[in-house]
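Step one of this worksheet: look at the structure below.
The values are calculated or read from the model by the stated rules, or taken from the named source; none is laboratory data. Predicted model, so just to flag it, every value in this text is computed and none were measured. Backbone-built Cβ (ideal geometry, glycine too); neighbour counts: all protein chains shown. These accessible areas exclude ligands, DNA and RNA; they are computed on the full protein's heavy atoms, side chains included. Shrake-Rupley method; radii C 1.70, N 1.55, O 1.52, S 1.80 Å.
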Amino acid sequence: MDTNNRNDLEIICAANKEMLDYFNARFLEKLEEIQNLKTQSFEIDVKIEELEKTKDIYAFKSNSRKSVFTPNTTEDADNVRGQIIDQQIEDLRSVQEGLLTSLRNQEIKLNALKRRLNTLNEAQDALKNISPDSIKSNVYDEDEGFEFIEMDDNPKPQINHGHNILMQDAFDKTYLSTLIDRNIKNNLLTMTNKLELLTYLLGTDISRAKLTLKEVVASSKDITNSINDIQSKLNQNIDSGKNLWSQVDEFIMKQRELNPEYLIDANVECSDYELSVHPVFIINTLVLIEMFFDNIFKHSGANKIDFSLDITPSSIECELSDNGIGISDNYLVTSPWYSSLHKAHEIIHLLGGSLSINGDITQGTSIRFSYPIQFNS
């Protein structure tokens, strides 16, 4: 490549990288704006629910005071309070409607940014194919931490793994935060309102007080279940110091117990049961297995699962198959970027492994993944 062409290519590459950096920053800013709007909308939901429960208390107090000797009044103090609360609820719903409109507009803009990023990533890949050596040596310094991956004979579409992994990690944290807000904080607020009502009912209506107390107990159980669910999603049930094969056996037994409608045929082989697998492989292998089983339970429509895991001193190989409805060849395109299948691809990429998923309506779905492993001495 002559000097002029090399300089032109360097200018184009530098411009493309600058645009990528700009739109990546805009994309993350837009994500943060969307999350803030969702948080505001959630807080309004909580406030509306709180006001409605307060209104119910006033309505109950007004009704409980009435008797055959009580004169009819058109507007007593409690009714006035109820009308004020109605107006507050109406105002909050009006504000929330505006937030939802803004949220929809921001999501449209986010999708537009995503399309631009895809185009720029494709351009980056095309430039890399033109002259990887000149781009590496002249445009991107080693200090920037940028490294081109050698292209194989059959290049695959450009996948920005680093961006995907960071985005999925951010999504997981946001999702767990949402669960805490919705399933724990919201339930605690509901329990607080019920306990306040219970305090009043104990002196006026014992029957309704007993019913409210049962509702508080039920809410307490819901909170406990939510905490257990979130704890499970944080992988607190994985013991990185325990043998991988025994934990997989325990997982299979638990799935058979929880899903008796499925026939689960499992085979776990380990060449040396005394081998100690590095914790990073224990954790991620169990995460992947649970992820694929969960996907089968939710989406396959199957009633039979065949599972095998082979652990050797050098690798882990796993196969799952079901007799369900199969899976589309372009599932990575049709499924959301934060879906479990996308996450599985990124985890296996980080582990230096390979993953294949295929199937159809007659044969169900077949999943195979493997990666090299290390063992502690």
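How big is the Kirkwood radius of the range 197-313, worked out from every pair of different alpha carbons and given in Å to one decimal?
On the way: mean 1/r = 0.0573 Å⁻¹.
It works out to 17.5 Å.
Considering all C-alpha pairs of the range 244-284, those separated by over 12 Å amount to 65%.
How do 203-209, 117-123 rank on mean C-beta neighbours within 10 Å, highest first?
Numbers: 203-209: 12.1, 117-123: 15.3.
Ranking, from highest mean packing down: 117-123, 203-209.
If I compute solvent accessible area with a 1.4 Å probe over the protein chains, what percent of it on the range 305-354 is carbon and sulfur? Exposed carbon and sulfur together represent 55 percent of the surface. Summarised in one figure, the compactness ratio Rg/Rh of the range 220-377, Cα atoms and Kirkwood Rh, is 0.96. Any of 173/242; 47/185; 38/173; 53/214; 254/304 with alpha carbons more than 21 Å apart? Name them for me. With Cα atoms farther than 21 Å apart: 173/242. If only the Cβ of Lys and Arg carry +1 and only the Cβ of Asp and Glu carry -1, the dipole of the range 251-355 around its Cα centre is close to 380 debye. Kirkwood radius and radius of gyration were both taken over the C-alpha atoms of the range 177-257, and their ratio Rg/Rh is 1.23. Taking amide H as placed 1.01 Å from N in the peptide plane, the amide H of residue 316 sits under 5 Å from that of 371, 373, each at least 5 places away or on another chain.
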